[in-house]
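Shown next, in structure tokens, is the structure this report addresses.
The values are calculated or read from the model by the stated rules, or taken from the named source; none is laboratory data. Note that the structure is a prediction, hence the values are computed from the model and not measured. In this analysis, Cβ positions are derived from the backbone assuming ideal geometry, glycine residues included, and neighbour counts consider all displayed protein chains. Surface areas here come from the heavy atoms of the whole protein model, side chains and all, with no ligands, DNA or RNA. Shrake-Rupley method; radii C 1.70, N 1.55, O 1.52, S 1.80 Å.
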Amino acid sequence: MSEDSAPVAQQPVQEPDGPATSAVPPGLLALFLAFARMSLAGFGGVLVFARQAIVEQHRWMTADEFNETFALCHFLPGPNIVNLSMVFGARLRGIAGGIAAFAGLLLPPTLIMTVLAIIYARFGDVDVLRRILAGISCAAVGLLIAVVFRMMTPLLKRLDALALILMLGVFLAIGVLRLPLQAVLLVAIPVSVGATFLMRRKVAA
């Protein structure tokens with residue numbers, strides 16, 4: 001067989017501003033197991049472990065793609081990570097993929113929390129248990145701050161001034177000025193979408 005006719009090994013697709021993404025999407029069982037592991041490891045919040053698994057471990061998305069998908073899920077009604085499982089699974093494997101990811105995310109912790117709820121109802125007044133829960137809450141806040149900074153990395157690498165200004169504006173409006181979340185989003189979403197559209201149109205031209 002000549003060199004020209006030799007089969008060429010399929011290489012991962014390199015995305016800009018992020019690691020290589022997997023060329024072959026995961027199957028339904030792989031989606032279920034991946035989100036089950038995220039939910040079981042997600043002490044203090046699943047978002048940290050979801051980003052690590054999707055972007056860094058399996059490379060099913062780039063960092064930018066994850067940020068964009070999570071931003072969409074953040075503005076939809078319902079828990080962010082639940083929305084992410086449905087949107088992500090449906091994006092890779094259609095409706096069945098969304099259901100598989102959703103089931104993997106919720107089924108294991110639901111069973112565990114049912115058992116823990118029964119235990120807590122009986123022993124919840126024990127002082128030692130209260131101190132343990134207080135310590136866990138501190139760790140959860142630390143994990144959330146860590147994933148926020150990691151999600152900011154693509155914006156900082158690109159020095160996207162517009163995105164950073166919008167992000168800072170929303171933070172000041174909600175975190176400092178304490179403006180109503182709904183009012184801020186009604187202004188921030190159209191401004192963000194419009195500004196991004198104009199910037200990309202300008203670059204394309």
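The table below lists the values:
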item	result
Counted residues, the range 148-169 - those being modelled with pLDDT of 80 or more and within 19 Å of the chain's Cα centre (by Cα)	1
Sole residue being crowded, with 21+ Cβ neighbours inside 10 Å, at pLDDT 90 or above, part of a helix (DSSP H, G or I) and more than 9 Å from the chain's Cα centre (by Cα), chosen from A101, A90, A96	A101
Total residues in the range 72-87, condition open to solvent by 40 Å² or more (accessible area, probe 1.4 Å) and free of Cβ contacts under 8 Å to residues at least 40 places away in the same chain	9
Residue check, T110 within 20 Å of V48 (Cα to Cα), assigned by the TED database to the domain that holds L72 and at pLDDT 85 or above	yes
Residue match in the range 108-116 (condition: within 15 Å of R37 (Cβ to Cβ), within 13 Å of the chain's Cα centre (by Cα) and either in a helix (DSSP H, G or I) or not small (G, A, S) (or both))	no
Single residue of the range 186-203 satisfying the filter (modelled with pLDDT under 80 and open to solvent by less than 90 Å² (accessible area, probe 1.4 Å)) that is nearest to F70 (Cα to Cα)	T196
In the range 170-185, residue surrounded by the fewest Cβ atoms within 10 Å (Cβ to Cβ) [restricted to those that are under 16 Å from F75 (Cα atoms) and under 22 Å from the mean Cα position of the chain (by Cα)]	Q182
Residue list for the range 162-205, restricted to those being assigned to a helix (DSSP H, G or I) and of a type in the set (G, A, S)	A163, G169, A173, G175, A183, A188, S192, G194, A195, A204
Hey, R131 surrounded by 12 or more Cβ atoms within 10 Å (Cβ to Cβ) and among the basic types (K, R) or not	no
